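Engineer: Before I ask anything, let me first share the structure, which is written out below as structure tokens.
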Amino acid sequence: MAELTDLTVAEAAAKIAAGEISADEYGDAWRAAAAADELNAYLWTAEHGGEGEPDWTGAGESAPEGEGESTPYGANPPAPADSGPLAGVPIAIKDIFTTQGIPTTAGSRILEGYRPPYTATAVNKLTAAGALVLGKTNMDEFAMGSSNENSGYGPVLNPWDRGRVPGGSSGGSAAAVAGGLAPAALGTDTGGSIRQPASLCGIVGLKPTYGAISRFGMIAFASSLDQCGPLTRDVTDAALLLGVMQGKDPRDSTSVGIEGGIELPSREDLAGLRFGVPRELGEAALDPGVRAVFEATVARIEELGGEIAEIALPNAEHGISAYYVIAPAEASSNLARYDGVRYGKRAGGDGDLIEMYEATRSEYFGAEVKRRIMLGTYALSSGYYDAYYGQAQKVRTRISQDFGAAFGEVDFVITPTSPSVAFGLGEKTADPMSMYLNDFFTVPMSLAGIPAIAIPAGLAAPEGAGADAPKLPVGFQIAAPAFAEQKLLEAAHALEGALGFAAAVGDDAPWKGGSRG
Ligand code: GLN
């Protein structure tokens, strides 16, 4: 069994298609692995299926009127296809994606017990390609966070060291893949929530171009930034999942898809490609261990024939400030719908309507969500709108222009993914600013709407820890122009092969059962 779960998604799918392994045995192995979750990575797993519960295929026994029936939201999810590029592959889904009949909470108590009447397009595309829903993964409430400590259902533990955070907000998805509890997972990234947890857990995380994958059925945080993407063990699997999920969706008018689709990457060198290192990186606050891995990776790029150039992103340093106006502003509007009437839980109810709204939102929203709603409504209020929201939008435009200018000179922009390795549980919860700075390197790409991938590049000891302290994964980020995903995946594939991270970690990898307690 252990060997089955060692396969990548691409390998397993090929073996299932060739009849070399049985889809049932493969699915059972993963179902057992997910059920044995000790990381609080899952909020619901297929194993929980039973009387009155939908089955784990995601087809949903509680589908209103049978499969394929048209609802106001479109067709009910089809049962997983028998054939297709993902036939027989179970995938963990961040609990922000609606899954018909399967509990969906977005990590919030306000949605406890909510069973959506329809399934997100990204999930439907996976099941139409033969994938199965393995479980729903824990996350920061409404995707607000960088450590997964903002979940209404408790924090997720990092499989490399259970005293540390897995990153957030897709922390459950990252921990599930890194911890050997899922072969691959879906996440969402608004300001870094796929790339940062992938980095802290030593796996691959891809945030595609805004609009590459439909947002239909993805519970909204900040609609102009939210984007779905895969968390996988390698770049090939990221390409496989992106290829299946991308596309224009009539139910999301901002979706466009990727012209020509996505092929599995095969490139092994970087000859003729130019990589831009932001000049501003020199002054950035960065752990020495992370900087050392970044520099070693840059040297690897040169060995592979890639050219390194200095570029300028002069406005990137204002990314966090702009993001923490724009994202909360959009969130304050998106979260207005949780009022105790239309979705999920209700508190109070003896007084008038307003009292009921207030009681419900006070009781079931967590502290970070409340902070964001206050920030957002303040920034949008008359008298402050231009000074905050309008100004932040101008910064956003400047950051996009910086990338545009950089891509006139280079093919890619490279940075570390996160300024540090995984930090301790509770270490940053009292200081929202230091938590927000986790996304210093990932937020600019989100504001610009461009694709970026995080790949594991090495290990480093946490800052301040002794030289022989256990080392933790360090991610490397590559960003590309909008819709240049194929080129991005090819470059990441070549670099991944040269870095050989998974091989170097060997049996110490948590997905092979290694853990530091
Ligand atoms: N950490 C950032 C935030 O808290 C980004 C989250 C995300 O990408 N969903 O908003």
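Throughout, read-outs are computed from the coordinates displayed, never taken from laboratory work. This is a predicted model, so every value here is computed, not measured. Ideal geometry is used to build each Cβ from the backbone, glycine not excepted, and the neighbour counts take in all protein chains shown.
Engineer: Quickly work out the K394-to-E307 label distance, labels modelled 7 Å from Cα along the C-beta direction, and quote it in nm with one decimal.
Structural biologist: About 3.6 nm, to one decimal.
Engineer: Between Q401 and E259, what FRET efficiency follows from the Cβ-Cβ distance if R0 is 22 Å, with the result rounded to 0.05? Intermediate values should be presented prior to the final figure.
Structural biologist: Working: r = 24 Å, r/R0 = 1.08.
Calculated value: 0.40.
Engineer: On to the next question. Positive end of the charge dipole of the chain (Lys, Arg +1 and Asp, Glu -1 on Cβ, about the Cα centre): tell me which of A448, L4, A299 has its Cα farthest that way.
Structural biologist: Towards the positive end, the residue furthest out is A448.
Engineer: Could you compute the FRET efficiency for D82 and Y385, with r as their C-beta to C-beta distance and R0 at 51 Å, rounded to 0.05?
Structural biologist: On the way: r = 54 Å, r/R0 = 1.05.
Computed FRET efficiency for D82 and Y385 comes out at 0.45.
Engineer: Counting Lys and Arg as +1 and Asp and Glu as -1, each charge on the Cβ, what is the dipole of the range 265-416 about the Cα centre in debye, to the nearest 20?
Structural biologist: Working: 16 positive and 23 negative charges, 121 e Å.
Dipole magnitude for the range 265-416 comes out near 580 debye.
Engineer: Provide, as a two-decimal number, the C-alpha radius of gyration of the chain over 2.2 N^0.38 Å, N being how many residues it has.
Structural biologist: Values: Rg = 21.5 Å, N = 517, 2.2 N^0.38 = 23.6 Å.
Taking N as the residue count of the chain, the ratio is 0.91.
Engineer: Another question, then. Using a basic spin-label model with each label point 7 Å from the Cα along Cα→Cβ, how many nm lie between A32 and R279?
Structural biologist: 5.9
Engineer: Using just the helices of the chain, give the 222 nm mean residue ellipticity in deg cm²/dmol: DSSP H runs with n ≥ 4 each add -39,500 (n - 2.57), and the total is spread over all residues, rounded to 500.
Structural biologist: Working: 16 runs with 166 residues, N = 517.
The per-residue figure over the chain is -9500 deg cm²/dmol.
Engineer: Express in nm, to one decimal, how much length is gained between D431 and R342 on full extension, taking 0.36 nm for each residue of separation and deducting their alpha carbon distance.
Structural biologist: Numbers: separation 89, 0.36 × 89 = 32.04 nm, distance 3.37 nm.
Residue separation times 0.36 nm, minus the Cα-Cα distance, leaves 28.7 nm.
Engineer: Just check the range 346-475 against the gyration tensor rule for me: Cα atoms, a ≥ b ≥ c as the square roots of the eigenvalues, rounded for a/c under 1.5, and otherwise prolate or oblate depending on whether a/b exceeds b/c.
Structural biologist: Details: a/c = 2.99, a/b = 1.37, b/c = 2.19.
Here the range 346-475 falls in the oblate category.
Engineer: Please name which of A329, A129, A34 has its Cα lying farthest along the dipole of the chain towards the positive end, using unit charges on Cβ (Lys, Arg +1; Asp, Glu -1) and the Cα centre as origin.
Structural biologist: Toward the positive end, the furthest listed residue is A329.
Engineer: Something else now. Would you mind classifying the range 68-207 by shape? Square roots of the alpha carbon gyration tensor eigenvalues, ordered a ≥ b ≥ c; an a/c under 1.5 is rounded, otherwise it is prolate if a/b is larger than b/c and oblate if not. Mind showing how you got there, number by number?
Structural biologist: Values: a/c = 2.26, a/b = 1.44, b/c = 1.57.
Oblate, because a/c is 1.5 or more while a/b does not exceed b/c.
Engineer: Answer rounded, prolate or oblate for the range 411-517, using the Cα gyration tensor with square roots of eigenvalues a ≥ b ≥ c: rounded when a/c is under 1.5, else prolate when a/b is larger than b/c, else oblate. Let's see the in-between values first.
Structural biologist: Numbers: a/c = 2.53, a/b = 1.21, b/c = 2.09.
In terms of gyration-tensor shape, oblate.
Engineer: Output ³J(HN,Hα) for the range 476-483: one whole-Hz value per residue in order, computed from phi by the Karplus curve 6.51 cos²θ - 1.76 cosθ + 1.60 with θ = phi - 60°, and x for Gly and Pro.
Structural biologist: 3J(HN,Hα) across the range 476-483, in whole Hz: 10, 10, 10, 10, 9, x, 3, 6.
Engineer: Let me ask you something else. Please give the charge dipole size of the chain, origin at the Cα centre, charges +1 on K and R Cβ atoms and -1 on D and E Cβ atoms. Round to the nearest 20 debye.
Structural biologist: Here the size comes out at about 1040 debye.
Engineer: Okay, next question. Name the residue from G500, I219, G466 whose Cα lies farthest towards the positive end of the charge dipole of the chain, charges +1 on Cβ of Lys and Arg and -1 on Cβ of Asp and Glu.
Structural biologist: With unit charges placed on the Cβ atoms, the residue in question is I219.
Engineer: What is the sum of charges, Lys and Arg at +1 and Asp and Glu at -1, for the other residues whose Cβ falls under 12 Å from the Cβ of L270? Could the numbers behind the result be given before it?
Structural biologist: Working: positive: R267, R274, R300, K487; negative: E268, D269, E302, E303, E307, D411, E490, E496.
Net charge around L270: -4.
Engineer: Using 12 Å as the cut-off for backbone N distance, which residues of the range 252-281 belong to the label zone defined by a point 7 Å from the Cα of A18 along Cα→Cβ?
Structural biologist: none
Engineer: Could you pull out every residue, at least 5 positions away or on a different chain, whose amide H is within less than 5 Å of the one on L134? Hs are placed 1.01 Å off N in the peptide plane, and Pro or chain starts have none.
Structural biologist: I91, A92, I93
Engineer: Explain nothing, just the number: dipole magnitude of the range 342-474 about its Cα centre with +1 on each Lys and Arg Cβ and -1 on each Asp and Glu Cβ, in debye rounded to the nearest 20.
Structural biologist: Values: 12 positive and 15 negative charges, 52 e Å.
About 260 debye.
Engineer: So which aspartates and glutamates pass the test for K248, namely a Cα distance under 14 Å, with those fewer than 8 places away in the same chain ruled out?
Structural biologist: Those aspartates and glutamates meeting the cut-off are E259.
Engineer: Using 29 Å as the Cα-Cα cut-off, could you pick out the over-long pairs in K94/K394; K136/K487; K15/K487; K370/K394? Display every interim value, and only then the final one.
Structural biologist: Numbers: K94/K394 32 Å; K136/K487 31 Å; K15/K487 27 Å; K370/K394 26 Å.
The pairs that break the limit, which is 29 Å between Cα atoms, are K94/K394; K136/K487.
Engineer: Can you tally the net charge around A392? Count Lys and Arg as +1, Asp and Glu as -1, for every other residue whose Cβ sits under 13 Å from the Cβ of A392. Write out the running numbers ahead of the final one.
Structural biologist: Working: positive: K394, R396, R398; negative: E330, D386.
After counting each charged neighbour, the total is +1.
Engineer: Let me check against my output: what whole-number percent is the relative contact order of the chain, with C-alpha pairs under 8 Å and at least 6 apart?
Structural biologist: Numbers: 1312 pairs, mean separation 84.9, N = 517.
Result for the chain is 16 percent.
Engineer: Continuing with this model, one more query. Under 14 Å from the Cβ of F97, count the other residues' Cβ atoms, weight Lys and Arg +1, Asp and Glu -1, and hand me the total. Numbers along the way, then the final one.
Structural biologist: Values: positive: K94, R115, K125, K136, R215, R251; negative: D95, D189, D226, D249, D252.
Within the 14 Å Cβ shell, the charges total +1.
Engineer: To the nearest 0.05, what FRET efficiency results for S223 and D468 with a Förster distance of 35 Å applied to their C-beta separation?
Structural biologist: 0.15
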